[in-house]
Structures are given as C-alpha cells and as structure tokens.
Amino acid sequence: MNLDTISAQIIDPANRADPYPLFAALRESPVTRQDDGTYLVSTYYEVRSLAKSPLLSNDQRNRDSDAGGSAATDEDPNLPLSFLHLDPPEHDRMRNLAMRPFGPPHSPSFIYDMREDLARVVAELLDAFEGRNEVDIVDDFAYPLPVTAICKVLGVPREDEARFHGWADTIASGLDPSVGLEQIREARQELGAYLSDLIETERRHPGNGILGPLARESGPGGSMSHPEVVATAILLLIAGHETTVNLISNATLTLLRHPDVLKRFRDEPALAVPLVEEVLRYEPPVQFVPFTTALADIDIAGTTIPKGAPVWLMLASANRDPRRFKDPDCFDPDRKDNQHLGFFIGIHYCFGAPLARLEAQIALTQLFRRIKNPRLLADPPPYRVNPVLRGPRHLPVAIDGLTS
C-alpha cells in the first residue's frame, strides 16, 4: 500500500464502511507525509502529544501558502472564526465564556437538569415505532434526539427545529476535506442570520437557552461581540448535534453486531456508561481532525513536520493502536483504563462531551429495553459521505414490536 497517497483512500467513500485496515497500514509509520505536503499522524502517543502541543495550531491562517491541502476554512467569512479554529489567548477567552452558561463551574446542574427532558423525548420517539416492523435508527431516532437537545440548549423554538436539519447536514460536511465551500458558506449565512435574530430576542426577553447569557456574559477577557456569539452558536449546533447522531448510530450498529454484549446490556442497564466509552474508542464519531497546522518545525517519531505544514490527527487510528490498547480491534465494554481520544484531548477537548454522553446513555438504554428482537437489514449500512464525521446515513432495523 502506498502510504504517500493514503489520505485519498481515507476520503474515498468506497472505504467509509471499514476504514480501519487503512489506519492499520498507516500505523506502520506514526507520521506519514502525503504527496500534497499534508502529514498524517496515526499512533496514540504521537496524536495525544500533538493534540496537547502549543506548536500545533487550529487557526489555518497560520498555514504556509505553499503547503498542500486547503488553507481555507468552511466558516462564514462574514463572521469571526469560532473558537474551534482559534488558538490561545482568543480561543481561551471565547471558550471560557461559552462554558459559563453551559456547565460547571458556573452552571453546574445545566446538563443534569436535562435528563428528564431527554428521557421524555426518547420515549416519544420510541412510542412512534408502535405498529412498525422496520425502522431507520438514524432518521427515526438518532437524528431527532440530538437536534431537539441542542435546540433546547440554544433556546430555539420547537417549531423551528426542522429547519436545522438541512443547515446542520450541510455545515457538517465542511469537515470533509474534499467538499467545496460555496454551499457550506451559504448554509452558514442562513443559519447565522436566523441565530442573530434569535440572540437579539433572547437578549431582550431572556428564555431558558444559553444565547441570552452568552450575549450578556463578561469574563476576564471581556465579553463576546454579537458576531462572536453567532459564530459560537453555530459551532455549538455542529458540535452538539452531528457528532451525537453518529455516536448513537454507531453504538446501535456495534451492539447489533455483538449480540452477546447486547444481551448483557439488556440485563445490566448500568453497562451503558462503559459501553458508550468503548464505542467512542472503537467507532468514534469524529475519525480525524484535518485542519491543524505546524507553528514551527516539529520533531516527532523520527520525522520533522515543517513549519506551516498541514497536519491530520487520526483519532480513530490512535484509538486502535495496539501499543496503547490490548486487542484494539475487539469491542470490549469491560476495557480498563479506556483513555480513548473519541472526544479529542487538550484545549480543544469537546466541551459538549457531558451532554453527548448523557444523550447516548439514555437513548441506548431505552432503545434496547423496548424494541423486540432487533435485526440489521443491511450490513454494512449505507454511510454518510463525510469521512471526518463518520456514521451510517441510514440504519434499517427489523423489529418485532415494542415493550411498554
């Protein structure tokens, strides 16, 4: 296998159902330079080290104009960069402000207080399975729950939730290195205009969402400008929605492929916590991070990544590194010391992780408690085109009805 062009194979939709042989080949060399000048980092300790290194930047404006890959971001050029695409100190200022209304230490019960609402939404979605012998876990279950949750977080009216589906799908494709930017930017502009109006409404008439507090909060570095609040809200939509859709779908598919684990899970609902962690290692919803740039020459694993070079951090590959995980290709919810990289690590660790974990735990527990005799109707199922946010596009499952 030619490792100098393996990134093209990773992007190729033909390999979406099972990219892991490609990752195994990549790990033969922890750092691999591609023909276009991009460096792929594929092993656990090297990915972890670079993810925490101040020598690696998420701000693509630092990329060498002569380097390979695209230096453009998928974000709306009329808005400031979201903190995902910023480095300290601006990243820290915006992220810290975003955290205040979202969770600890300023709002310690925010996520916990959503449990009942999430459980109610899950129950309603499952009730709609009544009388059916076939369901699509993605369209009928995994998609509606996270979009409802993130709309509740943002304070979006229920009647507007449907509008978010198209926007979210289009914007999420921006993490696909092969996708053009025009359609993505148009979707961001439409969503940005909607959120801008909603933020002004929340500022004047505070509701239960976080947009009003985001617009009013002030920290050590000052407050967010109105455009910064819009950019942050768009980021929250993607971070809080698309990844969780894939987490629930990937977990369902994995359990149906492992009937022994599924039987145990039905008998031991408390298994939900370690089970979700193992899914995050075994089938992570974010497969790799494709937009980082070296701020200086970086010597790692016998290779020098030159200043300005684009770097891909291959999270899914690192999560199956046999140097770190025993029997990495085995799905084992009893795995000890499961310090996976499913939610990244370092300053860009997914701050929506507590909500995503809670949604997945509640959704999977109720799903497999209530559906009778679930069977996969397509294996592998059809996958989304996006190689970064990887998950089934549809997951058709046959069932013999519901328990009450």
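Overview of values
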item	result
Condition met for residue 89 (modelled with pLDDT under 90, farther than 24 Å from residue 316 by Cβ and surrounded by fewer than 17 Cβ atoms within 10 Å (Cβ to Cβ))	no
Near pairs, Cβ below 8 angstrom, 6+ apart or cross-chain, from segment 171-199 (under 15 Å from residue 78 (Cβ atoms)) to any residue that is of a type in the set (D, E, K, R) and modelled with pLDDT of 75 or more	171/188; 194/160; 194/163
Residue list for segment 338-365, filter: assigned to a helix (DSSP H, G or I), among the aliphatic types (A, V, I, L, M) and touching a Lys or Arg at 6+ places or on another chain (Cβ under 9 Å)	347, 358, 362
Residues satisfying the stated conditions in segment 10-60, i.e. part of a loop (DSSP other than H, G, I, E, B) and open to solvent by 50 Å² or more (accessible area, probe 1.4 Å)	12, 18, 28, 35, 36, 52, 54, 55
Residue 200, sole failed condition from (1) of a type in the set (D, E, K, R); (2) over 30 Å from residue 223 (Cα atoms); (3) open to solvent by 50 Å² or more (accessible area, probe 1.4 Å)	(2)
Within segment 223-252, considering residues that are in a helix (DSSP H, G or I) and of a type in the set (Ser, Thr, Tyr), the one surrounded by the fewest Cβ atoms within 10 Å (Cβ to Cβ)	243
Hits in segment 151-202 - residues which are modelled with pLDDT of 85 or more, more than 29 Å from residue 311 (Cβ to Cβ) and small (Gly, Ala, Ser)	155, 193, 196
Residues that are out of contact with any strand residue (DSSP E or B) (no Cβ under 8 Å at 6 or more places or on another chain) and open to solvent by less than 10 Å² (accessible area, probe 1.4 Å), drawn from segment 253-264	254, 255
Helices (runs of 4 or more DSSP H) within segment 253-337 that include 1 or more residues under 18 Å from residue 31 (Cβ atoms)	315-318
Some residue of segment 270-288 being open to solvent by 30 Å² or more (accessible area, probe 1.4 Å), of a type in the set (Lys, Arg) and touching a Pro at 6+ places or on another chain (Cβ under 9 Å)	no
Residue, most open to solvent (accessible area, probe 1.4 Å), within segment 366-378, restricted to residues that are over 20 Å from residue 112 (Cα atoms) and part of a helix (DSSP H, G or I)	369
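Condition check ((1) touching a Pro at 6+ places or on another chain (Cβ under 7 Å); (2) closer than 16 Å to residue 288 by Cα) across all residues:
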{"site": "21", "(1), (2)": "no, yes"}
{"site": "24", "(1), (2)": "no, yes"}
{"site": "27", "(1), (2)": "no, yes"}
{"site": "38", "(1), (2)": "yes, yes"}
{"site": "45", "(1), (2)": "no, yes"}
{"site": "55", "(1), (2)": "no, no"}
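The values are calculated or read from the model by the stated rules, or taken from the named source; none is laboratory data. Just so it is clear, the structure is predicted and the values come from calculations on it, not from any experiment. Reconstructed Cβ throughout: ideal geometry from the backbone, glycine too, with neighbour counts over all protein chains shown. Surface accessibility is based on the protein's heavy atoms, side chains included, excluding ligands, DNA and RNA. Shrake-Rupley method; radii C 1.70, N 1.55, O 1.52, S 1.80 Å.
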